[in-house]
Amino acid sequence: VFAGQLGLAQGLDVVLEAAEKLSDLDDVQLVLVGDGTDADRLRRSAGQRRLKNVRFLGRQPAGRMPHIYAVSDVLLVHLRDDPLFRITIPSKTLAYMASGRPVLMAVEGDAADLIRTTGAGVTCRSGDAKDLAETVRRLRAMPRTALDTMGQAGRSAFLAQFSRSVLLDRYEAILNNIAGLKHGGRGTA
């Protein structure tokens, strides 16, 4: 499942190309949840390609997303390969990790590093349909326990590093440090 903005930055033609390469697997569906500037063109392209293994669910209410994540085998993050995207972590990454489902990260740089270091999923090259399809095949071949282990590693990392309480504590420490520096204190950095 890919959930989010269906725009040019996401480069989702690669998902359609990968779907073509996966058409021999009856039990693999690539589901795109969301809307955006590229959604209509992607739907038309999937239709022209006669892809039976791609589904578009459109925009869904925020309250429904946890259920969609929970019934997904793997959650996909994909952005075009661009130097700017190498220094960002898409917000959906943290939502995916929080859901306890494994992440397939097709974004180079910091986002891929996060998934690798936390064990929250697997990575593949951005913009490479062949690599995406091969990675999906590898994930499909893994035992359910391996997928569950990745999902739980992502959830554990989310709770330890990115939960609201952890982040609020970090921001509070930063603000206290800044306040201490402004008032002639030494701060704690």
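The values are calculated or read from the model by the stated rules, or taken from the named source; none is laboratory data. Note that the structure is a prediction, hence the values are computed from the model and not measured. Cβ: placed from backbone, ideal geometry, glycine included. Neighbour counts: every protein chain shown. What goes into the accessible areas is simple: the full protein's heavy atoms, side chains included, and nothing from ligands, DNA or RNA. Shrake-Rupley method; radii C 1.70, N 1.55, O 1.52, S 1.80 Å.
The residues of region 9-55 that are acidic (Asp, Glu) and over 16 Å from VAL74 (Cα atoms), listed by number, are ASP13, GLU17, GLU20, ASP24, ASP26, ASP35, ASP38, ASP40.
In region 33-53, the residues that are more than 22 Å from VAL71 (Cβ to Cβ) reach residues that are surrounded by 12 or more Cβ atoms within 10 Å (Cβ to Cβ) and of a type in the set (S, T, N, Q) with C-beta atoms within less than 8 angstrom, at least six apart or across chains, in these pairs: GLY36/GLN5; GLY36/GLN10; ASP38/GLN10. Residues of region 115-133 being touching a residue at least 12 places away in the same chain (Cβ under 8 Å) and open to solvent by 70 Å² or more (accessible area, probe 1.4 Å), which ones? Residues satisfying the conditions are ARG125, LYS130.
Reported count of residues in region 92-110, each being assigned to a helix (DSSP H, G or I) and either open to solvent by 20 Å² or more (accessible area, probe 1.4 Å) or touching a Phe, Trp or Tyr at 6+ places or on another chain (Cβ under 8 Å) (or both), is 8. Within region 138-153, residues that are assigned to a helix (DSSP H, G or I) sit with their Cβ atoms under 7 Å from residues that are among the basic types (Lys, Arg) and open to solvent by less than 80 Å² (accessible area, probe 1.4 Å), at 6+ positions apart or across chains, in these pairs: GLY151/ARG101.
For region 156-189, filtered to residues that are open to solvent by 90 Å² or more (accessible area, probe 1.4 Å) and either among the hydroxyl-bearing types (Ser, Thr, Tyr) or in contact with a helix residue (DSSP H, G or I) (Cβ under 9 Å, 6 or more places away or on another chain) (or both), the residue that is modelled with the lowest pLDDT is ALA189.
For region 5-29, a tally of residues being within 25 Å of GLY63 (Cβ to Cβ) and either open to solvent by 30 Å² or more (accessible area, probe 1.4 Å) or out of contact with any strand residue (DSSP E or B) (no Cβ under 9 Å at 6 or more places or on another chain) (or both) returns 3. Of all residues in region 75-82, none satisfies being closer than 17 Å to GLY154 by Cα, open to solvent by 30 Å² or more (accessible area, probe 1.4 Å), of a type outside the set (S, T, N, Q) and touching a residue at least 40 places away in the same chain (Cβ under 8 Å).
Taking the listed residues ARG41, ARG50, ARG55, the one that is assigned to a helix (DSSP H, G or I) and surrounded by fewer than 18 Cβ atoms within 10 Å (Cβ to Cβ) is ARG41, with no other qualifying. Can we say PHE56 is aromatic (Phe, Trp, Tyr) and under 17 Å from ALA19 (Cβ atoms)? Answer is yes for this residue.
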